[in-house]
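What follows is a single structure, written as structure tokens, with notes after it.
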């Protein structure tokens, strides 16, 4: 009998031996020196049952996956007004494009491209203050995992991102001219780089993602993290925009809401079924994890978890 | 007890009395003279149970909803090679934009913007011939409905579209320069305008959509219309690109794969649950049915059919 | 003593032996089969003195150089109202770009990019009728040359341009949607392709250009061809837009108003001094004659005819 | 007899009574509070004869006119290599557009749009150091005027530009990502804002411009400021790009190389004839002085100084 456990073991084996692995991000040394052979995966089900494989306990830089969490915090605090400062549409552009901003008067197309995530960071800095926003982010994440203390920031990554983040400086200053960045640019970017420097393991990331799997509740505590409506909104945005200009291909191949990061991590959610994290540092041409995407594709082929599938077959998580 | 029947009756009542109704398309008289007060809705479940309300039996011009069917035919005949001629990504642009084509060398961003649908038409004309392609389209659709003879083409609409379709002429000629239109431009456009001039009622349209609800089978005959894989691909594309540059908002508000037409129709599919057609001719600023979208939003609020919902509540279709 | 005669002989010698010659346009056979070694040049001074060298009597396809003449006719007949249908600014884009049209609602940036020249053709077809416009064009040109009968149309070129001119079809249809093409698209393009198929020798082309050298008069007859104001306007547009997205480099290197054609011809005008035609069929990356540009650069270096030169040295045309 | 003196008096009278005057730049207070009724003009001929009218001795913020001088310095020091870091073509875009930079990999279209001028500033900071570049700029300008000490920087303007210059921050950081800004962004922008804060009167500005009128010499000292070749290059660029996306209209209406600034000044040069400065703080929709442009148009109508004119009539400068 095919169990979820055996499925992810076979996936890990396929990925371990894959020859084409993409290329690690090389714009800062802490990312560039990550071992291309790393592969980890973790799946947490509705009943809390957890399956891990490979390097699932090794922390990595979650980078843009963190945009899901900052968006969650901003939506919680600001509600629908948020959509006056960032739109809800796929961009059809690369993650760091500035062109669309000029044509659309400084309002980013969605909260997952860099420009949009910087606006979200600005909202959180306005709401909580620069220092406190960092604390709040950790307070948002830690209750969702079983080992809260270990979620942390790689300050070396944050520092190097800041030292080389000229394009994000450009985006932020540009939006400032339209009044869509409201704090000192450096303060907003400080929080943005801080957030991107979060490190988690697949195990932790899949645990964090459970509030989206459950429609907004922390399954460990039963407490509501956000409204069911907001959880659906975030999943919809992950589906539409979670992989930049590779989002359509991801929707076709995987069929789950997901968000990738340049560190090679992907968080994917099967609503009401599972929260999944995968990590393989090699990226494809669109900047998304090459083997991470393939691993999710395999998982969905075996489990039928695609939201587009007529007859889902739910794996027996023995 | 809230039944699906009572839900759609209450929706129809809300839409009947809505004051803001959008504006009918006015670029050709047959569309411009449609009564803004029309509203119809039909829902077909997995067991074939059908619920209709309002003008659900009145034929209307399905226009771009037909792109779902021509894409299905092209994907059936051409398979994965199709993606060499049209991409799979949201465009972030209006339905008739030509800008993206120049930057991307005549390869449309997806098969649901006009340029992409014209490529699909070209593929079908190459495969079946100009005349025969029309016959094949009807043969594809008719077995899916209970009254096959009544699915037809409004030749007046087709003729007037052709007489005023300068922008589609521009798109087709432009792609011809890149070799991505391979028939005489007029032949390809003839089929494109023919397809857009299909008329169906909500009842028929919801029946036609059942092959996407079931993962590729015609529920009336049990025959396979397309592979399960292809059915999922089409649903994913409907989710990502079915409402042009309003696709993100539709995903958030409705949470179902859907495809709109300028005639005011929308086909939406809850995989494994229901095929839904709605018609209200007034359009919003993005060219999608204003009340049609709202009706689907209400339906999903009451039924929990969003693919992003953790705990779907399936209506008791009594 | 350096005379103009000796200058152009030395230029011809340099060009004859140049190894890098660019590439002939190859989109239609009549252009593709032109001998890359051809080089001709003709200079007509204010006193009518004419200097020719090389293949100056060999007819070639003037192509876009003809846009100068159709613009002259349109400006004569329509006056300042013309600028409501085409703008006066450099495009910063390739000659056949369609992007700018979408952003600027079907109004081309200037009359020398293809879109703009098609609008000019449309204006002339509206004014004179499709057939008669052709006659009028010849009537405009022939009085300016000493051998009027020999200016003609290469009907083979016109026919082949029309058969392959999908991009111009796209541009024209696109502008039609904005109401900026007002005749049947085929009629307007017929005249456009007719005009581009004009054949002249360098000698003839330099003679034709004399009305721009003199401020609007035909030096052979003394009759006014256009107002002095309009002649200056056309020279200014040649300077600003005459070489597509290579216009700035041409202004810096040559410093004269000029207009190039894909057949390898360039008409340049030193106001009050000389009308110059040069022909070398090999094109550079921007679609302008490679050696033709270099020949003009040399001519201006030796004569000081640049309009940006403080102390012009006028050659003694012995 | 119409003298140049009487011509500029009549122009000043026309401008004094003009009702439509445009709007002063209002992005920083020192510009916003300039009196809209100001108008000054100065003309310096080849013989040094100077004609002034109106507020010709009142200092104003030259802003982007200064880009002519920094480009001159950079071209002097770097030669043709300069064109690897900034191009020579009109942009077809607004002065502060960022779109083109993304498509063209951080190489600005020309040295007169903001992005291009920031690259020029970066080149000068690399060459001379941040502090010394400022000194060098003043040393470049002062020998050209009869009252050198009075050319200065409005430090209040420089400070306020820097405090609000988010878009220039965006442009500079953006180009930094492509390696086309090589100093600390703040240092380069410091010099850029310093340069823009130069204040001069029309009288001084026309005197400064004389090195372009003469083909590169300082007429006061007879010393060469730059090569004749470079002087022509700068005049060509002023013609092609000196008025942003209004450069074509300026070429048609005025027919002289010119460079405008947001302070309402324009420097125009009739090569070998005159250096002209005009100042009227009200701007047109393109950001160029509305009455300044009209005054230059009138001047050229009366004097025939357009470089596109066949038969120049040189005013008798009595």
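The values are calculated or read from the model by the stated rules, or taken from the named source; none is laboratory data. Please read these numbers as outputs of a predicted model, since none were measured by experiment. Every residue, glycine among them, receives a Cβ derived from its backbone with ideal geometry; neighbour counts consider all protein chains shown.
Somewhere in segment C:212-219, is a residue crowded, with 23+ Cβ neighbours inside 10 Å and in contact with a strand residue (DSSP E or B) (Cβ under 8 Å, 6 or more places away or on another chain)? Scanning segment C:212-219 turns up at least one residue that is crowded, with 23+ Cβ neighbours inside 10 Å and in contact with a strand residue (DSSP E or B) (Cβ under 8 Å, 6 or more places away or on another chain). What about residue A:266, is it under 11 Å from the mean Cα position of the chain (by Cα) and at pLDDT 95 or above? Criteria met by residue A:266. So which residues in segment B:177-195 are in contact (Cβ under 8 Å) with a residue 24 or more places away in the chain, in a helix (DSSP H, G or I) and within 13 Å of chain C (Cβ to nearest Cβ)? Correct list: B:177, B:188, B:189. When residue C:255 is tested against the conditions (1) in contact (Cβ under 8 Å) with a residue 60 or more places away in the chain; (2) facing another protein chain (nearest Cβ under 9 Å); (3) under 30 Å from residue D:270 (Cβ atoms), the lone failure is (1). The single condition among (1) in a loop (DSSP other than H, G, I, E, B); (2) surrounded by 14 or more Cβ atoms within 10 Å (Cβ to Cβ) that residue B:19 does not satisfy is (2). When A:57, A:13 are checked against the criterion of being over 29 Å from residue A:128 (Cβ atoms), free of Cβ contacts under 8 Å to residues at least 40 places away in the same chain and outside the structural domain of residue A:163 (by TED's automatic domain parsing), a single residue qualifies: A:13. Scanning segment A:285-302 for residues that are in contact with a helix residue (DSSP H, G or I) (Cβ under 8 Å, 6 or more places away or on another chain), touching a residue at least 60 places away in the same chain (Cβ under 8 Å), surrounded by fewer than 24 Cβ atoms within 10 Å (Cβ to Cβ) and assigned to a helix (DSSP H, G or I) returns A:294, A:298, A:302.
Rundown of residues vs (1) at pLDDT below 95; (2) more than 23 Å from residue B:166 (Cα to Cα), yes/no style:
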site: B:91; (1), (2): yes, no
site: B:102; (1), (2): yes, no
site: B:110; (1), (2): no, no
site: B:120; (1), (2): no, no
site: B:127; (1), (2): no, yes
site: B:131; (1), (2): yes, no
site: B:134; (1), (2): no, no
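Among residues of segment C:75-93 being within 9 Å of another protein chain (Cβ to nearest Cβ) and touching a helix residue (DSSP H, G or I) at 6+ places or on another chain (Cβ under 7 Å), the one that is farthest from residue C:244 (Cα to Cα) is C:88. Inspect all residues belonging to segment D:250-257 and state whether any of them is in contact with a helix residue (DSSP H, G or I) (Cβ under 9 Å, 6 or more places away or on another chain), more than 15 Å from residue C:239 (Cβ to Cβ) and surrounded by 24 or more Cβ atoms within 10 Å (Cβ to Cβ). No, segment D:250-257 has no match at all.
Selection of segment C:137-176 for residues being more than 28 Å from residue C:26 (Cα to Cα) and within 12 Å of another protein chain (Cβ to nearest Cβ) yields only C:176. The residues in segment A:22-46 that are part of a loop (DSSP other than H, G, I, E, B) and either crowded, with 17+ Cβ neighbours inside 10 Å or in the same structural domain as residue A:145 (by TED's automatic domain parsing) (or both) can be counted, and the count is 8. Take the residues in segment C:101-116 that are within 19 Å of residue D:247 (Cβ to Cβ) and surrounded by fewer than 20 Cβ atoms within 10 Å (Cβ to Cβ), then tell me which one is nearest to the other protein chains (Cβ to nearest Cβ). Restricting to residues being within 19 Å of residue D:247 (Cβ to Cβ) and surrounded by fewer than 20 Cβ atoms within 10 Å (Cβ to Cβ), the top hit is C:103. Only one entry in B:144, B:101, B:171, B:138 is farther than 29 Å from residue D:103 by Cα and touching a residue at least 24 places away in the same chain (Cβ under 8 Å), namely B:144. Would segment A:224-234 turn up any residue that is modelled with pLDDT under 95 and buried (at least 24 other Cβ atoms within 10 Å of the Cβ)? There is no residue in segment A:224-234 that is modelled with pLDDT under 95 and buried (at least 24 other Cβ atoms within 10 Å of the Cβ). Within segment D:196-250, the residues that satisfy the criterion of being at positive phi and in a loop (DSSP other than H, G, I, E, B) are D:215, D:216, D:222.
Within segment B:235-246, the set of residues being more than 7 Å from chain A (Cβ to nearest Cβ) and either at pLDDT below 95 or over 16 Å from residue B:71 (Cα atoms) (or both) comprises B:244, B:246.
Among the residues of segment C:264-279, those identified as crowded, with 24+ Cβ neighbours inside 10 Å and over 18 Å from residue C:56 (Cα atoms) are C:270, C:271. Given the residues B:261, B:282, which is the only one that is surrounded by fewer than 24 Cβ atoms within 10 Å (Cβ to Cβ) and more than 14 Å from chain A (Cβ to nearest Cβ)? Just a single option satisfies the conditions, and that option is B:282. When residues in segment C:210-230 are screened for being at the interface with chain D (Cβ under 7 Å from one of its Cβ atoms) and free of Cβ contacts under 8 Å to residues at least 60 places away in the same chain, 1 of them pass. The set of residues in segment A:288-315 being farther than 19 Å from residue B:232 by Cβ and within 14 Å of chain B (Cβ to nearest Cβ) consists of A:288 alone.
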